[in-house]
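**Q** Provided herewith is a single structure, encoded as structure tokens, for subsequent inquiry.
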Amino acid sequence: MNNFHTKGVILKRINYGEADRIITTFTNDFGKINFIAKGSRKIRSKTAGAIELFYISDLVLSKGKNLYILNSSSIIKPFLPQQDLTSIKLGGYIAEVIIKTIPDDSPNDKIYSLLEEVFGSFNQDINLSLLGAYFSIQYIQLSGVSPNLEVCTKCGIKPSTEIYFSNAANGLLDKSCAQFFHDSKKIEINTIKSWRYMTSNNLPQANKLNIPTNDIEELNQYSFDYLQKTAQLTFRSKGL
């Protein structure tokens, strides 16, 4: 068997047999893949430490009959939650989005870089709700389905007062056009500006905006709902 190295973010683990685990990871070379970590549930396992959920790890794999096989692993960056339950909830949401929306063996270096950036930031001084919104917005952007955040999607005129957002319309609406879309909701101008900014800037830059908590919550909800709509899926792990 020919071994090969890759980096991966650990997204899912399930027990298999008496002592093994099947791991889902998103790698920088091969995209989303599944591999078996034989004996990783044993106390003295040498591979178990680097395949914890949401770790960024160096993996040495080989091609098996049905699954890749893990031969060795080491930690590049551990998952260091700020607040256990909230961090794990957010990590679960991100993992679920990737697992449900990206086919196996479809490399995407930009998606990998996004995962590495987000999961590498959990132990930093970043609001977790902001981190969730940043992931959703960046993922929407990388998927090529960004909403129209400049002019009214229906009439093409830039809204001046009472701006609305509609998932069905794929973006902004002015007051008169909002009546034609049952899911239209008022959206604050600061939320729109923050969304635009996050689309084209990295996480440290987004963090410097010092967005008020209420605006972050609104941004998170709108981006989460829009991502569900464009993916045509319901995510069990709700964004923050």
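Laboratory data are not the source of any read-out in this text; all were calculated from the coordinates shown. Since this is a predicted model, take the numbers as computed values, not measurements. With ideal geometry, Cβ positions are generated from the backbone for all residues, glycine too; neighbour counts draw on all protein chains shown.
**Q** Would you mind computing Rg(Cα) / (2.2 N^0.38 Å) for the stretch 125-231, counting N as its residues?
**A** Details: Rg = 13.2 Å, N = 107, 2.2 N^0.38 = 13.0 Å.
Dividing the Cα Rg of the stretch 125-231 by 2.2 N^0.38 Å gives 1.02.
**Q** Name the residues whose placed amide hydrogens come within less than 5 Å of the amide hydrogen of Asn71, ignoring near sequence neighbours (fewer than 5 apart) on the same chain.
**A** Here the answer is Val60, Leu61, Ser62, since their amide H atoms fall under 5 Å of that of Asn71.
**Q** Antiparallel DSSP bridges in the chain: what percent, to the nearest 5? Let's see the in-between values first.
**A** Working: 34 of 38 bridges.
Percent antiparallel among DSSP bridges in the chain is about 90.
**Q** Relative contact order for the stretch 1-79 using alpha-carbon pairs under 8 Å, separation at least 6, rounded to a whole percent?
**A** Numbers: 192 pairs, mean separation 24.9, N = 79.
Contact order relative to length: 32 percent.
**Q** How far is it, in nm, from the label point at Ile75 to the one at Asn214 when both lie 7 Å from their Cα along the line to the Cβ?
**A** Going from the Ile75 label point to the Asn214 one covers 4.1 nm.
**Q** Mind listing the long-range amide H neighbours of Gly31? Cut-off is under 5 Å, sequence gap 5 or more, other chains count too, H placed in the peptide plane at 1.01 Å from N.
**A** Counting only residues 5 or more places away or on other chains, the set is Asn108.
**Q** Can you tell me the relative contact order of the chain? Whole percent, Cα pairs under 8 Å, sequence separation 6 or more. Don't jump to the answer; show the numbers that get you there.
**A** On the way: 431 pairs, mean separation 39.5, N = 240.
So the answer I get is 16 percent.
**Q** List the lysines whose alpha-carbon lies under 20 Å from that of Lys208, not counting same-chain residues fewer than 8 positions away?
**A** Correct list for Lys208: Lys193.
**Q** Using the beta-carbon distance between Asn3 and Asp84 and R0 = 30 Å, what value does 1/(1 + (r/R0)^6) give for FRET efficiency, to the nearest 0.05? Could the numbers behind the result be given before it?
**A** Details: r = 35 Å, r/R0 = 1.18.
Efficiency, from the Cβ-Cβ distance: 0.25.
**Q** Lys12's amide H: which non-local residues (gap 5+, or another chain) put their own amide H closer than 5 Å, with H modeled 1.01 Å from N in plane and none for Pro or chain starts?
**A** Thr24
**Q** Which angle from 0 to 90°, rounded to the nearest 10, does the C-alpha axis of helix 128-142 make with the longest principal axis of the chain?
**A** For helix 128-142, the angle is close to 90 degrees.
**Q** Cross-link candidates for Lys42: which aspartates and glutamates have Cα within less than 15 Å, leaving aside residues fewer than 8 places away along the same chain?
**A** Counting by Cα, and skipping residues close in sequence, Lys42 has these aspartates and glutamates nearby: Glu18, Asp20, Glu52.
**Q** Here's a follow-up. Taking the 0 to 90 degree range and rounding to the nearest ten, how far is the long axis of helix 213-231 tilted relative to the main principal axis of the chain, both from C-alpha atoms?
**A** 70
**Q** Right, here's the next one. For labels at Lys175 and Cys155 in the simple 7 Å Cα→Cβ model, what's the distance in nm?
**A** 1.1
**Q** Could you run the Karplus curve 6.51 cos²θ - 1.76 cosθ + 1.60 with θ = phi - 60° over the stretch 43-60 and give me ³J(HN,Hα) per residue in whole Hz, x for Gly and Pro?
**A** Residue by residue, the stretch 43-60 yields 4, 8, 4, 8, 9, 4, x, 9, 10, 6, 4, 6, 6, 9, 9, 8, 10, 10 Hz.
**Q** Would you report the distance distribution of C-alpha pairs in the chain as whole percents per 5 angstrom bin, up to the bin with the largest distance?
**A** 1, 6, 14, 16, 17, 14, 11, 8, 6, 4, 3, 1, 0, 0
**Q** Only helical DSSP H runs with n ≥ 4 go in: add -39500 (n - 2.57) per run for the chain, normalise by residue count and round the 222 nm mean residue ellipticity to 500 deg cm²/dmol. Could the numbers behind the result be given before it?
**A** On the way: 7 runs with 84 residues, N = 240.
Taken over the chain, the calculation gives -11000 deg cm²/dmol.
**Q** Treat each spin label as a single point 7 Å out from the Cα along the C-beta direction, and report the Leu67 to Ile102 distance in nm.
**A** Those two pseudo-labels are separated by 2.0 nm.
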